[in-house]
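Readers should treat all values here as calculations from the given coordinates under stated rules, not as data from a laboratory. Worth saying up front: this structure is predicted, and the values here are computed from it rather than measured. Don't worry about glycine lacking a Cβ; one is built from the backbone with ideal geometry, like all the others, and counts go over all protein chains shown.
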Amino acid sequence: MSSSLHWFRKGLRLHDNPALAKAIEHVRKQRGNSPHLYFLFVLDPWFASPAKVGPNRYRFLLESLQDLDTSLRGVGSRLHVAKGDPVEVLPRLAKEWSVGTVTWEVDTEPYARDRDEKMRQRLSSLGISVDTCVSHTIWDMSALMRAWGKSLPPTSYQSFLGLVAKVGEPILKDLSSREEVLQAIGELSEGSRATKKENKGVDEYLVPASLLDLPAFRAELERDPKEYAHLLSSRPPLFPGGESAALARFHDKITRQPQWVRSFEKPMTSPNALEPSTTVLSPYLKFGCLSSRFLWKQLTDIEKEGKGKHSAPPVSLRGQMLWREFFYINSYGTPNYAKMVGNPNCKQIPWGSDEKLFDAWKRGETGFPFIDAIMTQLRTEGWIHHLARHATACFLTRGDLWQSWEKGAQVFDLWLLDADFAMNNGNWQWLSASCFFYQYFRVYSPVAFGKKTDPNGDYIRKYVPQLSKYPKQYIFEPWKAPAALQKSCGCIIGKDYPSPIVDHDVASKANMAKMNVAYSANKQKDTMPHVNKSPRPSEGGSVGTNDTAGEEEYEPKRKRMKAATGKR
DNA sequence: GGCTAGTTGCCTGT
DNA sequence: ACAGGCAACTAGCC
């Protein structure tokens, strides 16, 4: 029982990995029993299936595991990759390998919290000790919630900034580098018998070399070759997974251009640039290939070192990191965070359920080129700009299609490389004006918004190539092009490219009226909790765009509200 | 109870 | 580039 095992889940890195460092310490303390340090990742069927993770992100994960394995083998160690339920698999291997201590990085997602609690109990019953560290986020969410002192987390960014100012910044002095950690592992590996033992027989714990090694994904590929065609291309991926790629990208986007870092303002970046206008470090943060604490420290240092002014939260790069922490505390402290029903911070809104509208959105066939280009980039490349996410999320929910944010979040969760429980569900609530943001009358135009940063429509030309010959005055709204022009451009609207599935002006105004009704119903429920009134489904036409009807709908409720509060 | 601020809306006019 | 109208939201703080 003298060996240790570090369990990788997120945190797929060696640098700044305090739980892994603890595992090294545990092994160092052992003497004489040829203790070994094992590294394990478990492909849990809970997420490792084509229904839960799109091919791009699975590829990214495998590359991240391959990179870890390569690094470890360089110093005489290796990564073991097992398949199955980790609560079943890990304790079995721990016994087989005479492991006395297991370490992992804290994961605050509901599934992970539940799984890890089961793992603790299971290991405890086997007499195996557990050591964990918080290093996926900059702050410890449980400590932040204690300091906050309320049962529900702060839902405004400003109050969150107040909270972290009160708590203070964590001390991030001695973040270990990958080289330091590898050297320490190398010293442990020397003379260890375990590495040699494994060379006998078939190795069932190798990192899968590609998606095609996984039967479920192979079956998907055979079922839908077109969908997976981009995976078979010989071109290297746009965003390769792994710690090496993470550190290289960090160097390229951050270290190499301090002036750009210091002047970064998120709203000034472009959602439809052909080269990403932001860092695209998010996939690496999601899997922990890059340490958020390391990035935070580097950004802080770059701001300090330069002279003159630098940008500030919420729009600066440090501000982006704080948004991440903000959504993490919300995901940690909100019951049923990923749902509307049962989520105390989420407005209850009677979203429609129209499969045709939803599928058209998902497939990028709405007839709005800007939206369809975004959805195509998402599906094929796995990353879209933050503001592109805004535009398409608003379009699906309160802007145009009036479909549930939960269904939109599922699509993002499937296809995004950086799909993150906290930020994905939080931002969908934000964009649908269900939580965090409530100015529902500010609606993104699927035609006008993209023109500001891409007047020529080059982004559309790339991702919706049917329209590539359209002149710029029609490319954002091709249905307005004269029939002769459509013909000469080789793309007839309604035949070669869909007609718009909604009239944006009509739909968005009708939806604003529905939001008004839904908000009023939520207000009544809040002020009169004994009246368990579910939000009324409303037809767009019944409220319509008539101002007087809206007034009548709204005014009496104000009075009732006053009467209700007056009772106190 | 009132006031203010809120990561990044759109459109028109200057 | 920026201001104001649009018709008007909520949370947080006083």
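One table, with the values for the structure above:
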| item | result |
| --- | --- |
| Relative contact order, percent, chain A [alpha-carbon distance under 8 Å, six or more residues apart] | 15 |
| With eigenvalues of the C-alpha gyration tensor scaled by 5 and rooted, region A:326-395, Å | 27, 17, 9 |
| Cα-based convex hull, region A:57-114, per residue volume (Å³, whole number) | 123 |
| For chain A, average projected area of the Cα convex hull in nm² | 30.3 |
| Gyration tensor (alpha-carbon) shape descriptor, region A:352-444, a/c threshold 1.5 | rounded |
| For region A:240-386, convex hull of alpha carbons as volume per residue, Å³ | 148 |
| Compactness of region A:371-412, expressed as Rg and Dmax over alpha-carbon positions, Å | 9.7, 26 |
| Of A:Lys10/A:Lys95; A:Lys226/A:Lys469; A:Lys362/A:Lys495; A:Lys226/A:Lys472, pairs whose Cα-Cα distance is over 27 Å | A:Lys226/A:Lys472 |
| Peptide ranges A:157-163, A:10-16 listed from the most packed, as the mean C-beta count within 10 angstrom indicates | A:10-16, A:157-163 |
| Fully extended contour minus Cα-Cα distance, from A:Ala484 to A:His251, at 0.36 nm per residue | 78.8 nm |
| Candidate aspartates and glutamates - alpha carbon under 13 Å from A:Lys52, same-chain residues fewer than 8 apart omitted | A:Asp44, A:Glu220, A:Asp413, A:Asp420 |
| For a label point 7 Å along the Cα-to-beta-carbon line of A:Ser49, residues of region A:77-116 with backbone N under 16 Å | A:83-86 |
| Set of aspartates and glutamates with alpha-carbon distance to A:Lys253 below 19 Å, sequence-local pairs under 8 removed | A:Glu243, A:Glu265, A:Glu275, A:Asp301, A:Glu303, A:Glu305, A:Asp418 |
| Whichever lysines have a C-alpha closer than 24 Å to that of A:Lys150, once near sequence neighbours (fewer than 8 apart) are set aside | A:Lys166, A:Lys339, A:Lys347, A:Lys523, A:Lys525 |
| On Cα atoms only, tilt of A:547-566 relative to the major axis of chain A in degrees | 60 |
| Packing rank of A:411-419, A:91-99, A:128-136, where each peptide gets the mean count of other beta carbons within 10 Å, highest leading | A:411-419, A:128-136, A:91-99 |
| Cα gyration tensor, region A:45-144 - rounded (a/c under 1.5), prolate or oblate | rounded |
| Dipole magnitude of chain A about its Cα centre (Cβ charges: Lys, Arg +1; Asp, Glu -1), debye to nearest 20 | 1160 |
| Calculated SAXS-style log₁₀ I(q)/I(0) at q = 0.16, 0.19, 0.24 Å⁻¹ - region A:309-365, Debye, Cα scatterers | -0.79, -0.84, -0.88 |
| Convex hull volume per residue in cubic angstrom - Cα atoms of region A:238-284 | 79 |
| Efficiency of FRET between A:Met268 and A:Glu117 - r from beta-carbon atoms, R0 51 angstrom, step 0.05 | 0.70 |
| Pairwise label distance in nanometres, A:Ser151 with A:Lys226, each label 7 Å out on the Cα-Cβ vector | 5.2 |
| Cα gyration tensor shape of region A:406-473, rounded if a/c is under 1.5, else prolate or oblate by comparing a/b with b/c | oblate |
| Reference-scaled alpha-carbon Rg (2.2 N^0.38 Å with N residues) for region A:97-209 | 1.49 |
| Fewest-first ranking of A:Glu204, A:Glu25, using other Cβ atoms within 10 Å as the exposure measure | A:Glu204, A:Glu25 |
| At q = 0.16, 0.19, 0.20 Å⁻¹, base-10 log of I(q)/I(0) for region A:179-313 (Debye sum, equal scatterers on each alpha carbon) | -1.05, -1.20, -1.25 |
| Efficiency of FRET between A:Arg442 and A:Arg235 - r from beta-carbon atoms, R0 51 angstrom, step 0.05 | 0.85 |
